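The values are calculated or read from the model by the stated rules, or taken from the named source; none is laboratory data. Predicted, not measured: the structure shown is a model, and the values here were computed from it. Cβ placement follows ideal geometry from the backbone for every residue including glycine, while neighbour counts extend to all protein chains displayed.
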Amino acid sequence: MKTMLKGSMLALGLTALAATTALAQEATFVMTARLVGAPTYNPIKATKLNTATTLIFDRLVVQDADQSFHGQLASSWEASPDGMQWTFKLKPGVKFHNGEPFNAKTVAWWVPQFKGSENAFTVEAIERVEAVDDLTVRFHMKHPDPNLLFNLASSFMCIPEPKAYEALGDKFGVTEAIGTGPYRMQQFSVGQQTVLVRNDDYAWAAGLSTNQGPAKFKKLTFREIGEESTAYLELKTGGADLLVNVPTDFLPRIQADKAVKLVTFPGNELVYMPINTSVEPFTDIKVREATAFAVNQKEILASLYGGNGAVADTFLISSLKEAQVEPKFRIAYDPERAKKLFEEAGWKPGPDGIRVKDGKRLTVKLWTQNGTEFKRLVEIVQAQLKAVGMQAEISIIDAGSINAQYRKKTDHQLAIRAYQWTNADIVDWFFAAKRAGYPNVSMFNDPEAERLNDIAMNKSKTWDERVANFTRYHEYVLSQYPFAPIYQPVQSLAYGKRIAMPDKIRGMGLYSSTMLDIAPAN
């Protein structure tokens, strides 16, 4: 009897141990407001991607936090002295999730797929692609592109498997997403969650990863939770293991929580307020300028973000050389300047403080996406605009549908948005006339801006020349006030006791290079 009881207890203990071990092989990550709402994992056609993308797919190269480039699917590369050819050597033995080989022919198929897509600009400088041999591919350029490696390191330059891509059409990235990455997509519910399972054959990680083999976790679930307070509660109660992007206004709360660990590293994000230049009253540059100078960036930094991060006074993160514009182009809070400009534009204070012109009140629509941080921020901006005589009516729109609403072009007037990017070509992305609606939410269409854009994007032969050209383009956009800069967050992630983080975050954020080194805690 004792022997049977002892055996039963041992069996129960082994079952419990197996369950605990299985649980340790799984992790749940939460993506908060800035990352929710990606409608597809198709990297060629998507205009919004999230953290899971670089786990499903690989890129030719990846970029580290010091802005150096490292091979992922490429083992090495070189450019000709005139910049008109780039030759890449590819890693051998790489296979897609469905068993198809990755080789030079894959790259020769992949680049032309961008034609006609919103991401076509990433490869526009490439005239043609030559598969020299199975593991050598050469890009023949239309003109030199000193930004090519940065483009190739973008999440939008992840490489899908050709046969599946063509067979699935628009369903690729939704029902299936076949790449060469360390994880396979098992399930994707738009706006809700993505479930990934480990690619056990993975053996071609970039040099940024200490782990060069399969990932440490067998299964990852990425949940999308737009409400930051709900996301934090999930982490605190054990429903989630890691918050991918901690809102800066939550940092003091998390720092005080001994059960949660916090990692903070330099930011690559900027929060701003696009101004729809195509609709009244913002067709008047004086009204746009007045609106831009009505935003009190320092007050927002102190009251909403507790001093974490930095104010923004241009459209680019301050670590970029192209952000070093002449002082006269910087946009910082100046309420007296704002009031004077409104007066010059004919908008006079009404009896209740809201300005009036030709019997019409200065009432505008102010949009943002759902999420605690955005809601709080838009309310502060609303109060700041009211202080100079503008009544802003707030609309909170679901993150998954707001971009489609922007594409209607005339329904919005102001908005609160954020972008994550570490290159000056983001100015082209958000202000080029050909992208009016979305991502050019400002509906900015200016002949001189288009001329300067063309020089910066297409006529820069060297990196230094590109920096100079983009600085001029950036300065001109600033002078036309199609937006108001607000804030530069830090990057933060928070995790619980079941996660063991590497000593250093490698790459430009929490992407595959670091994800491969995240492990279950002992």
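General observations
- Residue that is on the phi > 0 side of the Ramachandran plot and at pLDDT 95 or above, where the choices are Gly173, Gly181: Gly173
- Pick from segment 171-182, criterion touching a residue at least 60 places away in the same chain (Cβ under 8 Å) and either hydrophobic (A, V, I, L, M, F, W, C) or over 22 Å from Ser512 (Cα atoms) (or both), ranking: surrounded by the most Cβ atoms within 10 Å (Cβ to Cβ): Ala177
- On the stretch given as segment 459-474, residues that are in contact (Cβ under 8 Å) with a residue 24 or more places away in the chain and either more than 11 Å from Asp425 (Cβ to Cβ) or touching a Cys at 6+ places or on another chain (Cβ under 8 Å) (or both) total 7.
- Among the conditions (1) farther than 30 Å from Thr194 by Cβ; (2) in contact with a helix residue (DSSP H, G or I) (Cβ under 7 Å, 6 or more places away or on another chain); (3) surrounded by 20 or more Cβ atoms within 10 Å (Cβ to Cβ), Phe139 misses just one, which is (2).
- Strands (runs of 3 or more DSSP E) (entirely within segment 342-437) containing at least 3 residues that are within 30 Å of Gly509 (Cβ to Cβ) and in contact (Cβ under 8 Å) with a residue 24 or more places away in the chain: 363-369, 391-397, 414-420
- Qualifying residue in segment 302-315 (condition: at pLDDT 95 or above, in the same structural domain as Ala432 (by TED's automatic domain parsing) and farther than 19 Å from Trp421 by Cβ): no
- Being over 30 Å from Gln255 (Cα atoms) and either touching a residue at least 60 places away in the same chain (Cβ under 8 Å) or under 25 Å from the mean Cα position of the chain (by Cα) (or both) is a property that holds for Asp284.
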